[in-house]
1. Which one of these is over 23 Å from residue 432 (Cα atoms) and in contact with a strand residue (DSSP E or B) (Cβ under 8 Å, 6 or more places away or on another chain): 237, 266, 279?
2. Which number in (1) in a strand (DSSP E or B); (2) open to solvent by less than 60 Å² (accessible area, probe 1.4 Å) marks the one condition that residue 417 misses?
3. Consider residue 466 carefully, then state whether it is among the small types (Gly, Ala, Ser), at pLDDT 95 or above and either surrounded by 15 or more Cβ atoms within 10 Å (Cβ to Cβ) or more than 18 Å from residue 313 (Cβ to Cβ) (or both).
4. Within the stretch 259-268, which residues are open to solvent by 40 Å² or more (accessible area, probe 1.4 Å) and under 19 Å from residue 296 (Cβ atoms)?
5. Name the residues in the stretch 233-258 that are without any contact (Cβ under 8 Å) to a residue 24 or more places away in the chain, surrounded by 13 or more Cβ atoms within 10 Å (Cβ to Cβ) and among the charged types (D, E, K, R), would you?
6. Report, by residue number, each residue of the stretch 46-71 that is within 30 Å of residue 486 (Cα to Cα), among the acidic types (Asp, Glu) and either in contact (Cβ under 8 Å) with a residue 12 or more places away in the chain or in contact with an Asp or Glu (Cβ under 7 Å, 6 or more places away or on another chain) (or both).
7. Looking at the stretch 362-376, can you tell me whether even one residue there is in contact with an Asp or Glu (Cβ under 6 Å, 6 or more places away or on another chain), outside any strand (DSSP E or B) and surrounded by fewer than 16 Cβ atoms within 10 Å (Cβ to Cβ)?
8. Go through the stretch 102-129 and give me each residue that's surrounded by 15 or more Cβ atoms within 10 Å (Cβ to Cβ), part of a loop (DSSP other than H, G, I, E, B) and out of contact with any helix residue (DSSP H, G or I) (no Cβ under 6 Å at 6 or more places or on another chain).
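The values are calculated or read from the model by the stated rules, or taken from the named source; none is laboratory data. Given the structure is predicted, the values throughout are model-derived calculations rather than measurements. Cβ sites come from the backbone with ideal geometry, for glycine too, and all protein chains shown count toward neighbours. Each accessible area value is taken on the protein alone, full model and side chains, heavy atoms only, with ligands, DNA and RNA left out. Shrake-Rupley method; radii C 1.70, N 1.55, O 1.52, S 1.80 Å.
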Amino acid sequence: MKKKIIIIGSGIGGLGSAALLAKSGYDVTVIEKNPTIGGRANIFKADGYTFDMGPSWYLMPDAFEHYFKLLDEDISDHLDLVKLSPSYRVFFSNDKELPVVDIHSDLEKDLPLFEKLEPGITPKITEYLKRSGEQYAMAKDTFMYRNLGFSTDFLKWSIIKKGIELNPFQTMQSYLNKWFKSDRLKKILEYTLVFLGSDPAKTPAMYNIMNAIDFNMGVYYPKGGIYEIVKALVRINEKHGTKFITNSPVSEILIEGKKAVGVKLNNNEELKADIIISNADLWFTETKLLKPPYQTYPERYWEKSVLSPSAFIMYLGLDRKIDILSHHNLRFGEDWKQNFKELFDTPQLPEDPSYYICKPTETDPDLSPKNTDNLFVLVPIPPGLDLSQTDMSTYRQKILNLIKTDINLPDIEDYIVYERSYWSDDFKRDYNAYKGTALGLAHTLKQTLSRPLNYSKKVKNLYYVGAGTSPGIGMPICLISAELVYKRIQKIKTSKPLKSL
């Protein structure tokens, strides 16, 4: 008889682990609290506009390809991927010399720009990206697909030596300072850390591998939007018999004899299983779904943790096309360090924020009515702020005012025919996110080296998947997390990416 597995939450990690386990013969059921599948990678439509609600960058194409191959699937059968060129556009606040630059993730195309930013830099940036590429390959081959605490080979000198080569005890800020002088160039190289929810002054230099992902691999986009990834994972799951239950919040993980045996729903219905995997927010899972004796990571653990930022998001439907914007657009605040200080050290709504604008209709015009654009505007803000609707309304106007001057769109408000805002309270409501964080635990040194394990130390047959556990934040990383929990359940001890199930 097939072993039954219940997965709480249908984010990328939950869907990823469900497909691997269902293909391997388990009876898998995914339970989702919300009406739609996808977790933070969700979607909504309004007035002819289609908006991806969360992730919008398709990075690490090799990780996606590897995952689909594990399931004997050709990713091109599921996703129509377009490599973006430029990869993204950068707007430098109050910079008269180079107010707008395009990054192509093609060193030959980008070198003239880098030379403008820092004359004579070609040998350095070439060597820097070469090393980043080597370190990315090493990290992927040695650490990313390794289950922490699963085998003693982690203590071998050869493994420790490779770890040291990744510069774990140096920060990204200090590491880049040794390579480059241009503040503008360093901002371009540091921006990817926002995807990890971290401050460059506190993020280990090992994350220079993000630059290899950016510049050596490029940025892609699946036609139809990021939600096409979710749809592909659902199709594969259904092919292998995974069942989905939506609109069904879980209120408790059922324990008998220190062993997970099922879940209780908000309507008091109980569903039994041999194995439980939670893709829900890890804080919520540990402190709300488990009683204190069974909590590996109780409330005191989270009180001491460093969280990634929350976000203030505007979904905007415009009545025309905006040529000045590319697909991905980044506006960097003038005082970079002060911006990160306001996000992490003295929490407050940033005075001069860096922000991001996605215009998917640049690549995919079918996402809005003819000759119009839709915009996704995201501003990182600290988690845990006590904000009113008036606060957010005031901040909305501040951001629109910045867009008017930074992006040279003085009439932007006149173009808006549809608008929806999303912020900390929405992350709490929709995803049970601790303090409204948009991403989870930040990738500080401590939280990189000792990220929560993907299994409970207190409850047998209870596992975790997704951004809250190893290896961390991001869609491709959550697919790696899915492979890790699969290996944990199957008792596969290899630290390498699997070649087959």
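1. After applying the criteria, what remains is 237.
2. Only one criterion in (1) in a strand (DSSP E or B); (2) open to solvent by less than 60 Å² (accessible area, probe 1.4 Å) is unmet by residue 417, namely (2).
3. Taking the combined requirement at face value, the residue satisfies it.
4. Residues of the stretch 259-268 that are open to solvent by 40 Å² or more (accessible area, probe 1.4 Å), as a first pass: 259, 264, 266-268.
Scanning the stretch 259-268 gives a single hit, 259.
5. Matches in the stretch 233-258: 238, 239.
6. Just the residues of the stretch 46-71 that are within 30 Å of residue 486 (Cα to Cα), to begin with: 52-71.
Applying the additional criterion that residues be among the acidic types (Asp, Glu) yields 52, 62, 65.
Passing the criteria: 52, 62.
7. Checked the stretch 362-376: no residue is in contact with an Asp or Glu (Cβ under 6 Å, 6 or more places away or on another chain), outside any strand (DSSP E or B) and surrounded by fewer than 16 Cβ atoms within 10 Å (Cβ to Cβ).
8. Result: 106, single match.
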